[in-house]
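Here's the structure, in structure tokens; my notes come after.
The values are calculated or read from the model by the stated rules, or taken from the named source; none is laboratory data. These numbers come from a predicted model, not from an experiment. Because the Cβ atoms are built from the backbone with ideal geometry, glycine has one as well, and the counts that use them run over all protein chains shown. The area values use the complete protein model at the heavy-atom level, side chains included, leaving out ligands, DNA and RNA. Shrake-Rupley method; radii C 1.70, N 1.55, O 1.52, S 1.80 Å.
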Amino acid sequence: MQLPWPLRDELHARRLARARDGDGEAFRALYRDLYPDVVRFVARRVPARADAEDLTARVFVAFVEKLGDYDRERGSVRGWLLTFARNAVIDHLRKRRPAAAPELLDLLPSDAIGPEGGLLQREQFGQLAALVSELPADTRELLALRFADGLRHREIADVLGLQEAAVKQRVSRALRDLRARLRPAPGKKGAEGALA
């Protein structure tokens, strides 16, 4: 069972403080809690499994080296750690491909809606993916952090070095724009449900 985010953030901050003081069990618990988030974040952006595993390991090495630098006033432990992950991915992609941008998460339809519903959903997600791919890279990254990585606005602000209000406004504007572009012509069904 996952704790609600305020309790989870408090637990992470306390564990980090104990880990900073040399408590190995506190660090192991923190690692177990945060490892899946880092793996998901890196694996979505780095398709080669070996590279993703290597980057995840590097993120946690940097995390250990910088435990003393964590400032609770600047955000959650999770957001701080994902900043390391983001920087590691950016460095990796720069070395591999100079103009690389993070890819969208492949959206898979549910089998529970039947074959016709699955086809319609795939078409809708295809339309949505095409529209999202036309967005600027920074907007795609914002949407990926919010919806694929499940970060809260404050955590996104921490990761990207923005104000929380700016993140909320940009996400809202991007969703409003996508909804407007997904609206079908009168009398046709569209992909607007993909943003629900």
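Table: residues versus (1) at pLDDT below 80; (2) among the hydroxyl-bearing types (S, T, Y); (3) within 27 Å of L34 (Cβ to Cβ).
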position: G126; (1), (2), (3): yes, no, no
position: A129; (1), (2), (3): yes, no, no
position: P136; (1), (2), (3): no, no, no
position: D158; (1), (2), (3): no, no, yes
position: L162; (1), (2), (3): no, no, yes
position: V167; (1), (2), (3): no, no, yes
position: P186; (1), (2), (3): yes, no, no
position: E192; (1), (2), (3): yes, no, no
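Collect the residues in the range 69-85 that are open to solvent by less than 70 Å² (accessible area, probe 1.4 Å), part of a helix (DSSP H, G or I) and free of Cβ contacts under 8 Å to residues at least 60 places away in the same chain, keeping them in residue-number order. Within the range 69-85, L81, F84, A85 meet the criteria.
Being modelled with pLDDT of 90 or more, in a helix (DSSP H, G or I) and exposed (fewer than 13 other Cβ atoms within 10 Å of the Cβ) is a property that does not hold for P6. Scan the range 104-121 and tell me whether some residue there is exposed (fewer than 14 other Cβ atoms within 10 Å of the Cβ), modelled with pLDDT of 80 or more and assigned to a helix (DSSP H, G or I). No. If you check A29, A13, A17 for being open to solvent by less than 40 Å² (accessible area, probe 1.4 Å), touching a helix residue (DSSP H, G or I) at 6+ places or on another chain (Cβ under 9 Å), over 24 Å from V89 (Cα atoms) and free of Cβ contacts under 8 Å to residues at least 24 places away in the same chain, only one passes: A29.
Whether any residue in the range 30-38 is touching an Asp or Glu at 6+ places or on another chain (Cβ under 9 Å) and modelled with pLDDT of 90 or more is what I want to check. Scanning the range 30-38 turns up at least one residue that is touching an Asp or Glu at 6+ places or on another chain (Cβ under 9 Å) and modelled with pLDDT of 90 or more. Does any residue of the range 42-53 turn out to be of a type in the set (D, E), at pLDDT 90 or above and open to solvent by less than 70 Å² (accessible area, probe 1.4 Å)? Within the range 42-53, one or more residues are of a type in the set (D, E), at pLDDT 90 or above and open to solvent by less than 70 Å² (accessible area, probe 1.4 Å). The set of residues in the range 122-159 being under 23 Å from D71 (Cβ atoms), open to solvent by less than 20 Å² (accessible area, probe 1.4 Å) and out of contact with any Ser or Thr (no Cβ under 8 Å at 6 or more places or on another chain) consists of L145, D149, L151, I156, A157.
The residues of the range 54-68 that are open to solvent by 20 Å² or more (accessible area, probe 1.4 Å) and not hydrophobic (A, V, I, L, M, F, W, C), listed by number, are D54, R58, E65, K66, G68.
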